[in-house]
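Every read-out reported here was derived from the displayed coordinates using simple, explicitly stated rules and does not represent laboratory data. Being a predicted model, the structure only gives us computed values, none of them experimental. FYI the Cβ positions are ideal-geometry reconstructions off the backbone, even for glycines, and counts take in every protein chain you see.
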Amino acid sequence: MEKKLKQKQRELECTRKRIRRLEENRGRANQAQKRRERLVTVSKRKRMGTLVETFLHRDDITTVINGKAGEMRKGGQIFRKRYLTDTMENLHKKFIGENPTLKISRSQFCKHRPFWIVSPRVTDRETCGCKIHENFNSKVKKLHQLGITRTMSSTEVVASSVCDAVDIDCMYNRCDKCKKATFPVEMNPNTKDNIVSWEEWVSRSTPVTKKHQDGSTSEFEVKNTILEKKFASIERLVDLTKEDLPRFCTHLYNIGHQFTRLKMLKDSLTEDQVVVHVDYSENYNCKWSKEIKDTHFGWSHQQYRNKTAFYLASTVPFLKGFKAVTWNFTEASHSKGAPDGVGGALKNLADRMVAYGTDIPDAHALMENLSKQTSVKLFEVTEEKITTSGELVPPSLKTVPGTMKVHQLVATEPGKIRTRDVSCFCSPSCDCFSPREFIFCPKEVEVEESHKKQDPTIEVGTWILVDYDGDLYPGSVTQVC
């Protein structure tokens, strides 16, 4: 009996050991499974974070801030600050709308926002805001505050007044169904005549007197954009908002369309194509290390979208061997992307060099000093180069109709262009978005003008327009036989 009892005890102990081993193995298996699940979760979180960061760095979502105020430092690194163009709530809705298969809560969406992407403060509005956006938003927010509208988002106001916010006919007020529609309002007849106030950005011309070195003075006007308080009745405020709605719809459509099409263009470049991304920067005030002078250069914001620039864009590239040219513009007052940030970084570098005793009196000195401190390749545009380019332009060019509405210029032969209100890259000669053709110098006009000239003498170095194989080409005479 005792032997049987001991045997049973040994069997029971063996069974317990097997159970413990099985439990340990199961525990290790569960831990391994949890680690795998944790790794998958972390991987998904990283991918989601990358998608959110890429979305928030888009130029239609945030704007780059240049200058010293746009620098943020952490861990010895410099980050370029970006301002949100809308609230995180609305941007989360837009992200979900563009990625319907992804599931992410608003809190998780906000957690993935980088620290250098921040909401603009009131004091930052003048430098980073778009005048059309700010003025329309100001009216919409005031109407929402008064209980006239149910939303304070200008994007939702637009969506409630058109059939389709991504259709050009609706957003350009050409749709038969919604061109007379507007956003819903709830106005009390008893209070519609009450006077209310809101703020708008307006441009004012201010006379300025400049004193020259010889003691003489001259007067000229300077345009300043200031924040001005407006007063009107509630009914008048509603009417003003409705009047601004078509322009704002067009502006909003152009922003999204141009960004999307230009991104598609850059993502689909072939080996024989090239993209030149241009930002016409502000002036840089030249400085001496001990004294700031009234020296400047650049003045580039004046006239870059004009007949002369269009003519050069439609002729000079063909001399370099290009078969087709397209020049595309983003919507006014909205971020221009990478060149904007590069320009701001170079200006900050120049300021730091001046602070350490380097003199930068002119553009040549700026380029020479920056070239020693940066890997960015710089080129100097001299007065001689500008004069040479100017000699390529005929004396009397016709103005391109609707110049300020043009967002794309296409040239497939010298001197002949097609313009559109928005960009399209189906093919250089496609008819999307109703392109308009324009010829700068018809051949008949060139022939007539050549017969009218009194002095037919041609000398070496003279710039002429040559008709070769049915096309017009500008060039310089190198030899006279």
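Worth a mention:
- Computed over neighbours whose Cβ is under 11 Å from that of CYS175, the net charge equals 0, Lys and Arg +1, Asp and Glu -1.
- Within-12-Å neighbourhood charge of TRP198 [Cβ basis; K, R +1; D, E -1]: +2
- The amide H of GLN408, built 1.01 Å from its N in the peptide plane, has PHE329, ARG420 as neighbours under 5 Å, considering only residues 5 or more places off or on other chains.
- Of the residues ILE104, ILE195, the one with the fewest other Cβ atoms within 10 Å heads the list, and the complete ranking is ILE195, ILE104.
- Per-residue packing, averaged as other Cβ atoms within 10 Å, sorts the ranges 91-98, 11-18, 149-156, 389-396 into the order 149-156, 91-98, 389-396, 11-18, beginning with the highest.
- Averaging the Cα positions of each part gives two centres, and for the stretch 76-110 and the stretch 235-260 these lie 23 Å apart.
- Whether the stretch 129-261 is rounded, prolate or oblate, judged on the alpha carbon gyration tensor where a/c under 1.5 counts as rounded: oblate
- Under a 5 Å amide H cut-off, with hydrogens placed 1.01 Å from N, PHE79 pairs with MET72, ARG73, LYS74 among residues at least 5 apart or on other chains.
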